[in-house]
Amino acid sequence: MAVGARSGQEEPDKRPRGTEDKPGPAAFHAQADPPDEPGTDGAPPGTGPSGGAGEGPDGKAPRKHRSFWKELPILIGIALILALFIKTFLVQAFSIPSDSMQDTLQRGDRVLVDKLTPWFGSKPERGEVVVFHDPGGWLQENPGENSGALAGGIQKVLSFVGLMPSAEEKDLIKRVIAVGGDTVECKGDSNPVTVNGKALKEPYIFPGNTPCGDRPFGPVKVPRGRIWVMGDHRQNSLDSRYHQGLHDGTVSVDDVVGRAVFVAWPLDRWSVLSVPGTFAQVGPGQAAALAPPAFGLAGATGLVLRRRRKSGQLRG
């Protein structure tokens, strides 16, 4: 028989007499540990494979999650910061305090005002509904309503972050009829409002009203950087027609907070505040008027840079 070619059924090799029951050094040390010791690989009780008490398979202790009540103040703080950021730079809610914009807007409506585009140089355009700060004395007919101390305090906090309109806000909402450089006029009776000699068709005017009520005006040349505004409820709006003693009734574009773009409340009045098509016949707005010079300047700058680059390559 060849050496080592025995089958698994054969008897084991015979060992020298006296060596069968004598444990070697490794066996001695292995028997030194209690056979029923818990743990893995001889680790103390309650330890993981890495030997650390309470550790997971990766050797790191499991994280302890905060309770909901401890995380709630953090979540509220983050929400308030986000709301303040949105109010300052993106959109803000405003309440309609009067009937001067009927039927487009009703008293108590909440509108969302776009505050983002003015940061990028956008200016008010004809036909837009805009919110603007009181130029001085326009709000004397709309005194603020008094409320309780608690309700007033809550409203101040919520208005600070833009979740509610301020009870002390000195802002108005009207429709832009003319912008800087325009000539606006209305001769009274049933005559239409004209801008740059073009008669406006105003379907948004409150039913039964005439285009300028009992307050004819003009012609008024609107200065650059200012706008002429009117309410849609012409017989119930103290707008540019009634304040011609100061800047001919015009409002500075610097006082404009933003454009009202959406009626958000009540839910059954959800709607987009779009620009009526009648203003397209008047001519290009301020943004469109500035577009050709802007594109021309950009094109000229690109041409100069291209020529300088080519001349630099030729010199090299």
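The values are calculated or read from the model by the stated rules, or taken from the named source; none is laboratory data. Here the structure is a predicted model, which means the values were calculated and not measured. Note: ideal-geometry Cβ built from the backbone for every residue, glycine included; neighbour counts use all protein chains shown. Quick note on the areas: whole protein, heavy atoms, side chains included, nothing else; ligands and nucleic acids left out. Shrake-Rupley method; radii C 1.70, N 1.55, O 1.52, S 1.80 Å.
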*Mind listing just one residue for me: the one in segment 241-260 that is open to solvent by 10 Å² or more (accessible area, probe 1.4 Å) and in contact with a Gly (Cβ under 9 Å, 6 or more places away or on another chain) and, of those, farthest from L273 (Cα to Cα)?*
L246
*Is it fair to say F279 is part of a helix (DSSP H, G or I), modelled with pLDDT of 90 or more, within 25 Å of T117 (Cβ to Cβ) and open to solvent by less than 70 Å² (accessible area, probe 1.4 Å)?*
yes
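Give segment 126-148 a look and list any residue that's in a helix (DSSP H, G or I), of a type outside the set (A, V, I, L, M, F, W, C) and at pLDDT 85 or above, or say none. Step through it out loud before you land on a result.
Step one: of segment 126-148, the residues in a helix (DSSP H, G or I) are 138-141.
Checking which are of a type outside the set (A, V, I, L, M, F, W, C) leaves us with 140-141.
Selection gives nothing.
Residue check: is F206 under 19 Å from Q102 (Cα atoms) and either modelled with pLDDT of 95 or more or among the polar types (S, T, N, Q) (or both)? Talk me through it step by step, then tell me what you get.
Details: under 19 Å from Q102 (Cα atoms): yes; either modelled with pLDDT of 95 or more or among the polar types (S, T, N, Q) (or both): yes.
Here the answer is yes, as F206 does meet what is asked.
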*Looking at (1) modelled with pLDDT of 65 or more; (2) polar (S, T, N, Q); (3) open to solvent by 70 Å² or more (accessible area, probe 1.4 Å), can you tell me which one T104 breaks?*
(3)
*asked:* List pairs: first residue in segment 261-274 and in contact (Cβ under 8 Å) with a residue 40 or more places away in the chain and open to solvent by 40 Å² or more (accessible area, probe 1.4 Å), second residue outside any loop (DSSP other than H, G, I, E, B) and β-branched (V, I, T) anywhere in the structure, Cβ distance under 6 angstrom, at least six positions apart or on different chains.
replied: F262/V272; R269/V263
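For every residue, the table says whether it meets (1) in a helix (DSSP H, G or I); (2) of a type in the set (D, E).
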position: G181; (1), (2): no, no
position: E202; (1), (2): no, yes
position: P211; (1), (2): no, no
position: G218; (1), (2): no, no
position: Q235; (1), (2): yes, no
position: V257; (1), (2): no, no
position: A260; (1), (2): no, no
position: A264; (1), (2): no, no
position: D268; (1), (2): yes, yes
*Determine whether segment 225-233 contains at least one residue that is open to solvent by 30 Å² or more (accessible area, probe 1.4 Å), over 17 Å from L172 (Cβ atoms) and among the charged types (D, E, K, R).*
no
*How about segment 172-216: which of its residues are over 17 Å from G127 (Cβ atoms) and of a type in the set (K, R)?*
K187, R215
